[in-house]
1. What trypsin sites (Lys or Arg not before Pro) in the stretch 1-101 are in a loop by DSSP, with at most 16 other Cβ atoms within 10 Å of the Cβ?
2. Given 5 Å bins starting at zero, what is the percent of C-alpha pairs of the stretch 1-134 in each, up to the one with the largest pair distance?
3. Which of rounded, prolate, oblate describes the stretch 144-183, given a ≥ b ≥ c as roots of the alpha-carbon gyration tensor eigenvalues and a/c under 1.5 marking rounded, otherwise prolate only if a/b is larger than b/c?
4. Using a cut-off of 16 Å between alpha-carbon atoms, which lysines can reach residue 178, once sequence neighbours fewer than 8 places away in the same chain are excluded?
5. Shape of the stretch 50-193 from its Cα gyration tensor (a ≥ b ≥ c, root eigenvalues): rounded if a/c is under 1.5, otherwise prolate when a/b > b/c, or oblate?
6. Between helix 166-176 and the chain, what is the angle of the helix's C-alpha long axis to the longest principal axis, kept within 0 to 90° and rounded to the nearest 10?
Amino acid sequence: MEKQSEASVLVVKSGHEKIWSNGLDLDWLGPLVMNKEIEITKAFFYRLNDFFKRIVMSPLLTVAAINGHAFAGGAITACAFDFRFMRTDRGFFCFPEVDLGIPFLPGMLSLLKKSIPNRPYVTLALTGARMTAQQCVDEGIMTAAYHNDELMDKILEWAAPLNKRRIIVSAIKAELYKDIVRIIDTEDPPIIESGRLNV
């Protein structure tokens, strides 16, 4: 992807009219856990961590254009981006893991800590609260929020002057995000026991 473009900023939006990302496909993952498909499940979590790390360490400045709901793994993915913008007229930002009975893995928590100030981080992680775009801006989670009709125009306007050299961006990210990469690289996938994910 990066090598096929001279762009300096990557903006990711959803093609869905209501949802940016709802995260993992639990209908697919759940039966693997229940049936103790250990190797497949571990391989999946390794790939998931590689996905997070690719976003975090991209030589481009990365922007999540959250044009719909961002729940669970989708909200975690948004936290892997350098910047986040959200539409004001539809969608919530939420981590329902506490209600679903799914613990966060260490790498996931490191992404949350990177992008969410401590007070809302604790609230979101422990209560499963749903935050609107404006609440996310007020709490310092989103860079800005706009109505969907102008969301992409505003993001592109904001990104236009950010013509940063990739080699410098990469060097800064290597230091800025080194603790996140270390956690992700040393994280063992959850152990499957009695049809549950144990971390």
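1. Values: sites: 3, 13, 18, 36, 42, 47, 53, 54, 84, 87, 90; in loops: 13, 18, 36, 90.
Taking the stretch 1-101 and a limit of 16 other Cβ atoms within 10 Å, the loop trypsin sites (Lys or Arg not before Pro) found are 18, 36, 90.
2. Per 5 Å bin, starting at 0, the Cα pair percentages come out as 2, 10, 18, 22, 20, 15, 8, 3, 1, 0.
3. Since a/c reaches 1.5 but b/c is at least a/b, the shape of the stretch 144-183 is classed as oblate.
4. Counting by Cα, and skipping residues close in sequence, residue 178 has these lysines nearby: 53, 113, 114.
5. Verdict is oblate for the stretch 50-193.
6. 50 degrees
We did not get these values from a lab; they are worked out from the coordinates using the rules stated. Keep in mind that this is a model prediction, so the values were computed, not measured. When we count neighbours, we look across all protein chains shown, and the Cβ atoms used for this are built from the backbone with ideal geometry, even at glycine.
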